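Notes follow the structure.
The values are calculated or read from the model by the stated rules, or taken from the named source; none is laboratory data. Quantities reported herein were computed from a predicted structural model and do not represent experimental measurements. Here the Cβ positions follow ideal geometry from the backbone for every residue, glycine too, while neighbour counts run over all protein chains shown. We work out accessible area using only protein heavy atoms, side chains counted, and drop any ligands, DNA or RNA first. Shrake-Rupley method; radii C 1.70, N 1.55, O 1.52, S 1.80 Å.
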2 protein chains.
Amino acid sequence: MEAATARMIRRLSVKTGFSLPGGPEPDAAKATLVLDCQHAGEAVQSVREDESYHLAVTPQRAHLTAPTPVGVLRGMETFLQLVERDSQGFSVPSVRIDDHPRFPWRGLLIDVARHWIPADVLKRNIDGMAAVKLNVLHLHLSDDQSFRVESRKYPLLQEKGSDGHYFTQAELKDLIAYARDRGIRVVPELDMPAHTTSWFVGYPQYASAPGPYPLDRRLYDLHDPTLDPTREEVYTFLDGLLGEVAGLFPDAYFHVGGDEVTGRHWNANPRIVAFMKDHSMKSDDDLQTYFTLRVRAIAQKHGKQIIIWHKTQTPGIPADVLMDYWGQGAGELADTVRAGNAAIVSSGYYLDLIRSAEFHYRNDPLGDDAASLTPEQQTRVLGGEACAWSEWMTPENIDSRLWPRLAAIAERFWSPQDVRDVDSMYGRLAVVSNHLRSLGLTHVSNYQLMLERLAGTSDVDSLRTLADVLEPVKNGGREQYHYTTLTPLNRLVDAVRPESDTARIFARQVKQGRENQDTIRRQLQVWRDCRKALTPLLMQSVLLHEDVPLAEDLSAVAQSGLEALGYLDAGNPAPQAWWEEQTVLLDLAAKPHAEMLLMIVNPVRTLMEAARRGSW
Amino acid sequence: MEAATARMIRRLSVKTGFSLPGGPEPDAAKATLVLDCQHAGEAVQSVREDESYHLAVTPQRAHLTAPTPVGVLRGMETFLQLVERDSQGFSVPSVRIDDHPRFPWRGLLIDVARHWIPADVLKRNIDGMAAVKLNVLHLHLSDDQSFRVESRKYPLLQEKGSDGHYFTQAELKDLIAYARDRGIRVVPELDMPAHTTSWFVGYPQYASAPGPYPLDRRLYDLHDPTLDPTREEVYTFLDGLLGEVAGLFPDAYFHVGGDEVTGRHWNANPRIVAFMKDHSMKSDDDLQTYFTLRVRAIAQKHGKQIIIWHKTQTPGIPADVLMDYWGQGAGELADTVRAGNAAIVSSGYYLDLIRSAEFHYRNDPLGDDAASLTPEQQTRVLGGEACAWSEWMTPENIDSRLWPRLAAIAERFWSPQDVRDVDSMYGRLAVVSNHLRSLGLTHVSNYQLMLERLAGTSDVDSLRTLADVLEPVKNGGREQYHYTTLTPLNRLVDAVRPESDTARIFARQVKQGRENQDTIRRQLQVWRDCRKALTPLLMQSVLLHEDVPLAEDLSAVAQSGLEALGYLDAGNPAPQAWWEEQTVLLDLAAKPHAEMLLMIVNPVRTLMEAARRGSW
């Protein structure tokens, strides 16, 4: 409480310019801000921790009451959001707010295995999470490409499996305390039995196929190496490893992965095939269930409840296993919950798939078939997690991959289901984005920095005009290019934001129609004309050569839009031949170039259709 | 070496876009970059560590040789600087470089006491220091306002004296290792016997005047509280404290301060006065020398050599005490060195005084009277330290107070004395500034962020036009406003940069004269006209109201300049009455407003003088 109060006072002070006292007002009756915490929080914050708060602001004072310190933290963030400015100063509106989260599990997964994301980057994102009232940081600590925790029992895990980038135990302790201070639980994940190639670089003896295993840096394709579930020494090893890591993370849950087992190394190993036969196992799924039950017992021994990635075909998983639902199939989540398991929903919240804030915002953890669950069953859907798989993320661009979209997801997890006005969300998202910048997040500053580095000059206005209407390809479309962990992520696609605000706003103006025609025309002119400065800039940097077609498309598509406006001005339908010619051009411009999409194509298509009809 | 190589490869890879291998090339003959380190470095890096390196780049390969790992680190930074881009790609010129530092002590003092500067901010600045080959981070860990080290022996020091902001021992260990990895020594300072008010909040019994002592947050005036040098329990306490802190910092040196003892509390204490009389001490200076010698003995017992702030009047300081020279008096440094002491020079390198890069660059550690020292005596001037006293620095703006000016000081400390072309320095400073941004320094990004927060909008072009030609008042001119540590540093003066590049470049264009008249006119027109957008922006934010006069001055001064250009165009001397009127206007505009200076006044004065003469 004390540290949180100091942080809050500092933020308020910097925002407003008021000199605020360093300590509490000794006379409570005189206090203008009262923080009233009713009792201590849990020793280890659990998924059941009460996060509710009550905030009353009158002309005399602001009074924040909460049953627990975590509730006070949530209320403080609301209070800071309420600070308004006008030309005379700052104020907080008179309000009464009774607030509590819709879901108790509001998480963010960060994959520190595909690309190394060090503790300072996690800390600034924890600050961001706290600001939007998220409460679980799920650390995906190992995968085929690396193992990121210092194990003292099995030191070859990090020594051979991390390229030197891993969290020491002291760093994890510090990170967990930092998160705890902000009301955020840290849940570890060691993904197994597959996604474990990096483990076998140091410990090939636990794999299903003979080694040696070099570090496999490929960021594409499923990898076959898998723990051998049939040998007792594997469980002895896991007992040691899980025991050690469980001791570092106070949280009650331990995520043990379980996704994407190809089964190839199992089926190629006669001993494993014989084991399955001896145990009447009909499929790899049966063997995986056997493995999961063994791991569950080990985790229980170390005081942890396990989480696994949901898998439709895995039978026989007990009801105490928390399911992390990442599938697409309708009904699967509902079936799992009906069967008795609790679940968290990651499906629809993968930030690396580069979908819009709107897409994520509309994705409800209790949407689709889950809506058919009984109210009692629905309480077993504990919440959800946004996922930042890091194939195309680095410390430099991860903030822009997370923010501000993550704030929309955070609202989905916290606020009532019927809070779903997309325009309002986007309006507030822009405010939150600035708020997050003040906390030190680099989603805006590193964008500019990367553009300048790519161009080799700070005079990047024309490049920014282009970059502002580009987005990376969606839905894992970069996987086909066969990246490894050594491929530098320093191209324009790594700099451009996941969602083009400029294009989104332009599309809305076009949709609203004629009333915006002057704005639309001026915008199209800027895009048409920027090519003159842009092409030489792109040509002077080898890193930007691949983007020349995008500059040409931007100009040409803008020209199409201007011609469409011309027909609309004239009030007659555009000729069919013109329409057909432009359609060919736009279809080409709609294809990805340099792994990016030009986001003004669709709104210009709308203009063309209007021109074809001859009216807005 | 391994970690440094990985960092270098990553930076090279991000800069160029090349996929570079994760590990060394096994066949040395095939390697295109050879790092050849001749022997191990010192177990604890000392001031005598060999930092030289030899870099040879041929069309076949780059070969970096150094006697020590630290030398290799320095050569790596040079190599990274040499990477050039053209439209076809990247290259390194063929060069042979034999390089070594002019001075073995090239430091930066950061005062973490006046304002708290946490470890992550220090780390990013350590990265910057390494990039410009600085090698000493001097941490000013305590002062009147706070005590920033966790002491387990005397925990009330940090508990009562830090507002909760201090380095844990684990954090310091981690920070020192981080610096060591980059070839940077960390030297602690506990300033005593004065500048110790914060110590007495928890331990009033060691003060010269009776307590209690509240935490004194004033950032102005000398504070009187002082350790009592006459009581043995004070030395027992210092033995415990210095022993504990000395154990945390492996460096051979320990800075024990010694500046600004007012003597008031000594002279008001009859027991201390009697002690002085009993020991035939004629002045406070004698008592301070007695104290310094006792502290020196304690430090020696713990394996440390002491550094003290140089004081002219302190007689009897042994030659093994390293003098930190911060005075202004001509001859003092030379006298001290002639007397046998080694010295480091901080005078002329105070970054908080907001002087130009040129001023610091021209300030030579062996300039003035020190130039008269014999070569042997000159070797006792070990180097210098830039000082970042943090009265007006926070984690948000410290980078802009340090960088890029610090790079000019770093060159002064490293390069030969005759490297002193100011224009060349400024040209290269702009390049280095971008290089530093890529390392994560926030001197550019936070400037924009602060302007946007002040304005309450991201549309701050007009504000930036003004801010770009403002500088904070110089030479501690803000002290008169009686800041405390709780005063938020969130005004325009805290955002604007210490040196206006825009004004500096404008002044140079004016100096070059007529050939730039079109550029000058366009620039003046922008300044004259920006008021239209700027004044409403300033009026809408209470934090910017105070800056309205600056906007008016900018416009009026630019108008004067345009009128001067008009007379110059006409080819006749400007009328005396006009000149007198403009002089009044410019004299007023030259005065500080809102603790800032308008930096275009002087160049416009130059234009006016030219107009008065009737010719450029």
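Some points to look at:
- Proximal aspartates and glutamates to residue B:133, defined as alpha-carbon separation beneath 16 angstrom and excluding residues fewer than eight positions away on the same chain: B:49, B:50, B:51, B:77, B:98, B:99, B:181, B:385, B:411
- Measuring spread by the Cα atoms of the stretch A:492-616 yields a radius of gyration and Dmax of 14.7, 46 Å.
- Pair-distance distribution of the stretch A:10-137: all C-alpha pairs, bin width 5 Å, starting at 0; shares per bin in whole percent are 2, 9, 16, 19, 19, 15, 11, 6, 3, 1, 0.
- In sequence order, the stretch A:357-364 has phi-based couplings of 4, 4, 4, 5, 5, 7, 7, 9 Hz under the Karplus curve 6.51 cos²θ - 1.76 cosθ + 1.60, θ = phi - 60°, and Gly or Pro positions carry x.
- Ratio of Rg to Rh over chain B (Cα coordinates, Kirkwood Rh, two decimals): 1.00
- Tensor-based shape of the stretch A:446-491 (alpha-carbon gyration tensor, a/c under 1.5 rounded, otherwise prolate or oblate): oblate
- A:322, A:439, reordered so the largest accessible area comes first (probe 1.4 Å): A:439, A:322
- Look at the dipole of the stretch A:156-202 built from charges on Cβ: of A:186, A:166, A:200, the Cα furthest out on the positive end belongs to A:186.
- Cα-centre dipole for the stretch A:376-458 with unit charges at Cβ (Lys and Arg positive, Asp and Glu negative), debye to 20: 100
- Dipole magnitude for the protein assembly as shown: computed about the Cα centre from +1 point charges on Lys and Arg Cβ and -1 point charges on Asp and Glu Cβ, it is near 420 debye.
- Backbone HN-Hα couplings from phi across the stretch B:116-125 [Karplus 6.51/-1.76/1.60, Hz, Gly and Pro as x]: 5, 10, x, 4, 5, 5, 4, 4, 5, 6
- Share of carbon and sulfur in the accessible heavy-atom surface of the protein assembly as shown [1.4 Å probe, %]: 53
- Prolate/oblate/rounded call for the stretch A:226-367, Cα gyration tensor, a/c under 1.5 rounded: prolate
- Ordered by 1.4 Å accessible area with all protein chains kept, A:539, B:323 run largest first as A:539, B:323.
- Within a straight-line Cα-Cα reach of under 18 Å, residue A:311 can be paired with the following lysines, leaving aside sequence neighbours fewer than 8 residues apart in one chain: A:282.
- A P(r) calculated from all alpha carbon pairs of the stretch A:352-393, with 5 Å bins opening at zero, reads 5, 17, 23, 18, 16, 11, 6, 2 percent.
- Look at the alpha carbon pairs under 8 Å that are at least 6 residues apart: their mean separation over the length of chain B gives a relative contact order of 11 percent.
- Fraction of alpha-carbon pairs over 17 Å apart in the stretch A:410-475 - percent: 61
- Accessible area buried, both sides summed, chains A and B with 1.4 Å probe, Å²: 3000
- Paramagnetic reach from residue A:377 (point 7 Å along Cα→Cβ, amide N under 12 Å) across the stretch A:328-362: A:331-341
- Delta accessible area of at least 30 Å² on complex formation, residues of the stretch A:432-449, 1.4 Å probe, chain isolated as reference: A:437, A:438, A:445, A:449
- When peptides B:5-18, B:138-151 are ranked by their average number of other Cβ atoms within 10 Å per residue, the highest-first order is B:138-151, B:5-18.
- Shielding score for B:8-14, defined as the mean number of other chain Cβ atoms within 10 Å: 3
- Relative protection proxy for A:368-381, A:586-599, from highest mean packing down: A:586-599, A:368-381 (other beta-carbon atoms within 10 angstrom).
- The stretch B:301-365 and the stretch A:374-428 have Cα centres spaced 56 Å apart.
- Label zone (residue A:335, point 7 Å along Cα-to-C-beta; backbone nitrogen cut-off 15 Å) within the stretch A:354-377: A:369-370.
- Per-residue HN-Hα couplings for the stretch A:236-243 [Karplus 6.51, -1.76, 1.60; θ = phi - 60°; Hz; x = Gly/Pro]: 4, 4, 5, 4, x, 5, 5, x
- In terms of distances greater than 30 angstrom between alpha carbons, the cross-link table entries A:160/B:123; A:304/B:173; B:173/B:301; A:160/B:30 yield A:304/B:173.
- The stretch B:77-148: C-alpha gyration tensor shape, a/c 1.5 cut-off, then a/b vs b/c: oblate
- Across the stretch B:126-223, counting alpha-carbon atoms alone, Rg and Dmax equal 15.3, 48 Å.
- The figure for residue B:79 is an accessible area of roughly 20 square angstrom, using a 1.4 Å probe on the protein chains alone.
- Remark: mean inter-chain Cβ contacts per residue of B:530-541 equal 1, using a 10 Å Cβ-Cβ cutoff to other protein chain atoms.
- Taking the three principal axes of the alpha carbon atoms in the stretch A:225-282, the coordinate ranges are 39, 23, 20 Å, sorted in descending order.
- Estimated dipole of chain B in Debye, rounded to 20 [Cβ of Lys and Arg +1, of Asp and Glu -1, Cα centre]: 780
- Distance from the stretch B:495-538 to the stretch B:126-145 (C-alpha centre basis), Å: 35
- Under-5 Å amide H pairs with residue B:41, H placed in peptide plane, nonlocal only: none
- Buried on assembly, the stretch B:467-502 (at least 50 Å² less accessible surface than by itself, 1.4 Å probe): B:486, B:488
- Only helical runs count toward this figure. For chain A, summing -39,500 (n - 2.57) over DSSP H runs of n ≥ 4 and dividing by all residues gives -13000 deg cm²/dmol at 222 nm.
- Amide H contacts under 5 Å for residue B:146, placed H, 5+ residues apart: B:198
- Placing a label point 7 Å from Cα along the Cα-to-Cβ axis, residue B:293 is separated from the same position in the other copies by 8.3 nm, shortest listed first.
- Percent breakdown of C-alpha pair distances by 20 Å bin, ordered from the shortest bin, for the protein assembly as shown: 10, 35, 39, 15, 2, 0
- Each Cα pair under 8 Å and six or more residues apart adds its separation to the average, and for the stretch B:505-616 the resulting relative contact order is 33 percent.
- Options B:116, B:134, B:94, ranked by Cα towards positive dipole end of the stretch B:67-140, top entry (Cβ charges): B:116
- 1.4 Å probe accessible area per residue over chain A, in Å²: 39
- Taking all protein chains as they are arranged and a probe of 1.4 Å, the heavy atoms of residue A:502 leave approximately 40 Å² accessible to solvent.
- What separates the Cα centres of the stretch A:1-76 and the stretch B:457-473 is a distance of 35 Å.
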